[in-house]
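Have a look at the structure below, then the notes.
What follows draws every value from the coordinates through simple rules; no lab data is involved. Fair warning: this is a prediction, and the values are worked out from it, not measured in the lab. Cβ coordinates were reconstructed from backbone atoms using ideal geometry, including for glycine residues, and neighbour counts include every protein chain displayed.
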Amino acid sequence: MRKQELILNETDIKALFMNDNVAEICITRDIKAFNLTEQESNDETIEDFKWTTIVDFGMKNIISEEFFQVEKVSYDEVCAVKVEWKGNDETQTFINKNFTKIINW
């Protein structure tokens, strides 16, 4: 049975997607993002991953978009997420399996 949840570092990303304070959530399939540790991370490293924006959560896949190209991404393929908060364009949150980090641009 395919996974229908997206939980990273004990954070339910689907629930976060429904939060009114979230402007957008981006995902990456880059395995380096999955294995990244907090000690290895910095703002530049995180920004260098290929990010696509979540449009919706389906039963089998996540629907994401980049430059008006829509694609289906399996839940199992997501390595990390980046959350942008409403009202604060300069602060984002990076979440992978190992840690959660606030990024200030």
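The table below gives the values:
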{"item": "Amide H partners (placed H, <5 Å) of Val22, local residues excluded", "result": "Lys86"}
{"item": "Residues whose placed amide H lies under 5 Å from that of Ile62, excluding near-sequence neighbours", "result": "Val73, Ser74, Tyr75"}
{"item": "Which of Ser74, Ser64 has the fewest Cβ neighbours within 10 Å, and the rest in rising order", "result": "Ser74, Ser64"}
{"item": "Derived scalar couplings ³J(HN,Hα) [the range 65-73; Karplus, 6.51 cos²θ - 1.76 cosθ + 1.60; whole Hz; x for Gly, Pro]", "result": "9, 9, 6, 6, 9, 9, 9, 9, 10"}
{"item": "Contact order relative to length of the chain, as percent, for alpha carbon pairs under 8 angstrom and 6 or more apart", "result": "32 percent"}
{"item": "Order of Val70, Val83 under a 10 Å beta carbon neighbour criterion, fewest first", "result": "Val70, Val83"}
{"item": "Lysine-lysine proximity count for the chain, Cα under 12 Å, sequence distance 8 or more or distinct chains", "result": "6"}
{"item": "Ranked Ile102, Ile62, criterion: other C-beta atoms within 10 Å, fewest first", "result": "Ile102, Ile62"}
{"item": "Calculated [θ] (222 nm, deg cm²/dmol) that DSSP helices of n ≥ 4 give over the chain, each run adding -39,500 (n - 2.57)", "result": "-2500 deg cm²/dmol"}
